[in-house]
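Take a look at the structure set out below.
Nothing in this text is a laboratory measurement; each read-out follows from the coordinates by a stated rule. Keep in mind it's a predicted model, so treat the numbers as computed, not measured. In this analysis, Cβ positions are derived from the backbone assuming ideal geometry, glycine residues included, and neighbour counts consider all displayed protein chains.
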Amino acid sequence: MDFAQSARSQELAETLANFIEERVLPAETTWVEQRATDPATPAPTVDRLADEARALGLWNLCVRNPDYGPGLSFVDYAPLAEMMGPHRLAQEATNCDAPSNINADAMIIHGSAEQKDQWVRPQLAGQIKSAFAMTEPAVASSDASNIATTAERDGDHWVINGRKWYISGVLHPRCTYMMTVANTDPDGPRHARHTQFIVPVDTPGVSVVRNLPKFGYIDDDGHCEIVFDDVRVPDDAVLGQVGGGFGIGQARLGPARVQHCMRIIGVTEAALQLMCERAPTRSTFGAAVSTRSNVLDWIAEARIEIDAARLMTMRTAWMMDTQGDKASAPYMSQIKVQVMRTATTVIDRAIQVFGAAGVSDDTPLARWYANMRGLRIADGPDEVHLMAVARRELRRYEAESSR
């Protein structure tokens, strides 16, 4: 396995590091204020930084297909994603923010020429954003075959009814469409019941009920509960084939999980840095916190776990580059568990070292913890991935014993 960055990736990493340090970090406070003041209007700070990112060659770094973007390998993109992990403004300014980036990746593969012209190209130009509407409140959505939202054919249209929730990005002022999973054949085979639809957010019958919190934190871009009430879309709103929604969803979620892991390693590194900066400055009972054996253990364990998680993620990236997404699925499940567990553990211990300040908004730790803990449920909870890993192990040994 070769995890070495290409010369191109190293050059981009240096440019990106300078961009974040010199342009993104000084603008973060202004960006937050602009979003809070006028959440329905694109923040001018983002547009200004996006122009600078384009000029520096930092645009659409996440797009693997060379016909639509830089065409970086996953191994080359991983260090860049890690750098952007703690900085949402950097992700948006480079057009690498989820879930839009993953939706574009899926539509490049499965979309028609007309769909790509209408949705993918303006999205890659930064003109629009998108969301992915799958999870539902009434069913265990970790089993995607449970999705109960229905789509029934009516002439040359489909009529969609159902309720989704925790749909990310819907409230972004540029969010224009949702990739929406609906059941089109309730009596069909378990993995052929569902279809993906492209649903414009302004379609009559689409209603945002509320923006849901995560541990009390509200995301400006939204984690929304949405009702679909007799939402009519034409036949050409079908993405891929009728009945092919499960496969497209799984193909989309794989790269999404890996990119989440890449970014989260960056967040976890930032949490470790904060812990190491804080511990020597605080004294309890006559000695610096950094001298306490448990804190020393936390720091050492964090370093070991982060490095292990990074290596596992790089292995998965290398597998995706060399053997394809499908062959990498077992490794995707492993890192989805390991990286999220590492992140929540390290951030939790950093909060402990900070004391009361760690649960306040004076540091990013509390919000990071809320986001990371949520991601242990999103895109497949730990238990689903552990089950997948265990089943593969059992099949492997069963195959060996039968020889």
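Each label point was placed 7 Å from the Cα along the Cα-to-Cβ direction; for Arg190 and Gln323 their separation is 2.5 nm. Working from Cα pairs under 8 Å separated by at least six residues, relative contact order for the stretch 247-401 is 27 percent. Applying the Karplus relation 6.51 cos²θ - 1.76 cosθ + 1.60 with θ = phi - 60° to the stretch 141-156 yields 3J(HN,Hα) values of 6, 4, 9, 4, 6, 7, 3, 9, 3, 9, 9, 10, 6, 9, x, 9 Hz, where x marks Gly and Pro.
Between amide H atoms placed 1.01 Å from N, distances below 5 Å from Val206 occur with Asp229, all of them 5 or more places distant or on a separate chain.
GNM on the chain, alpha-carbon springs under 10 angstrom: the most fluctuating residue among Asp297, Asp51, Asp235 is Asp297.
How much FRET efficiency would the formula 1/(1 + (r/R0)^6) give for Asp220 and Val389, where r is the Cβ-Cβ distance and R0 is 45 Å, rounded to 0.05?
Working: r = 35 Å, r/R0 = 0.79.
Calculated transfer efficiency: 0.80.
Would you mind telling me which residue in Thr342, Thr316, Thr281 has the biggest mean-square fluctuation in a Gaussian network model of the chain, where springs connect alpha carbons within a distance under 10 angstrom? Taking springs between Cα atoms under 10 Å, the residue moving most is Thr281. Considering only alpha-carbon pairs that sit under 8 angstrom and 6 or more positions apart, the relative contact order computed for the stretch 195-299 is 22 percent. So how do Glu393, Glu52 line up by other beta-carbon neighbours within 10 Å, fewest first? Fewest to most other Cβ atoms nearby, the residues stand as Glu393, Glu52. Pairs of Cα atoms nearer than 8 Å and 6+ residues apart set the relative contact order; for the chain it is 14 percent.
Multiply the residue gap between Ser145 and Asn65 by 0.36 nm, knock off their C-alpha separation, and tell me the result in nm, one decimal place. Don't skip to the end; give the middle numbers.
Values: separation 80, 0.36 × 80 = 28.80 nm, distance 2.92 nm.
Between Ser145 and Asn65, full extension yields an extra 25.9 nm.
Amide H contacts of Cys175: Lys129, each under 5 Å away and 5 or more positions distant or on a separate chain (H built 1.01 Å from N in the peptide plane; Pro and chain starts excluded).
From the alpha carbon centroid of the stretch 243-275 to that of the stretch 27-84 is 17 Å.
Note on Kirkwood radius over Cα pairs in Å: of the candidates (1) 22.3; (2) 24.2; (3) 30.3, the value calculated from this structure sits at (1). A simple spin-label model places the labels of Arg121 and Ala7 3.4 nm from each other, with each point 7 Å out along Cα-to-Cβ.
Counting only cysteine Cβ atoms and a cutoff under 4.7 Å, the chain contains unmatched residues Cys175, Cys224, Cys261, Cys276.
By the beta-carbon count within 10 Å of each Cβ, the least crowded to most crowded order of Asp221, Asp156, fewest first, is Asp156, Asp221.
Placing a label point 7 Å from the Cα of His157 along the Cα-to-Cβ direction, the residues of the stretch 172-215 whose backbone N falls under 16 Å from that point are 198-207. Taking Cys175, Cys96, Cys62 as the candidate residues, the one with maximal mean-square fluctuation in a Gaussian network model of the chain, Cα springs under 10 Å, is Cys175.
Per residue, the chain reaches -16000 deg cm²/dmol at 222 nm when only DSSP H runs of four or more residues are counted, each adding -39500 (n - 2.57). Centre-to-centre, using Cα atoms only, the stretch 368-391 and the stretch 169-224 are separated by 20 Å. Modelled spin labels at Asp235 and Arg373, positioned 7 Å past Cα toward Cβ, are 5.0 nm from each other. Once the Cβ-Cβ distance between Arg303 and Ser112 is put in as r, and R0 is 41 Å, what FRET efficiency do you end up with, to the nearest 0.05? Between Arg303 and Ser112 the formula returns 0.30.
Out of the stretch 170-276, which chymotrypsin sites (Phe, Trp or Tyr not before Pro) are coil in DSSP terms and have no more than 13 other C-beta atoms within 10 Å?
Details: sites: Tyr177, Phe197, Phe215, Tyr217, Phe228, Phe246; in loops: Phe215.
For chymotrypsin sites (Phe, Trp or Tyr not before Pro) across the stretch 170-276 that sit outside H, G, I, E and B with at most 13 neighbouring Cβ atoms in 10 Å, the list reads Phe215.
For His191, no residue has an amide H sitting under 5 Å from its own, ignoring neighbours fewer than 5 places away on the same chain, with H placed 1.01 Å from N. With r as the distance between the Cβ atoms of Asn18 and Thr291 and R0 = 51 Å, compute the FRET efficiency 1/(1 + (r/R0)^6) and round to 0.05. In this case the efficiency is close to 0.90. When Ile109, Ile264 are sorted by how many other C-beta atoms sit within 10 angstrom of their C-beta, beginning with the fewest, the order is Ile109, Ile264.
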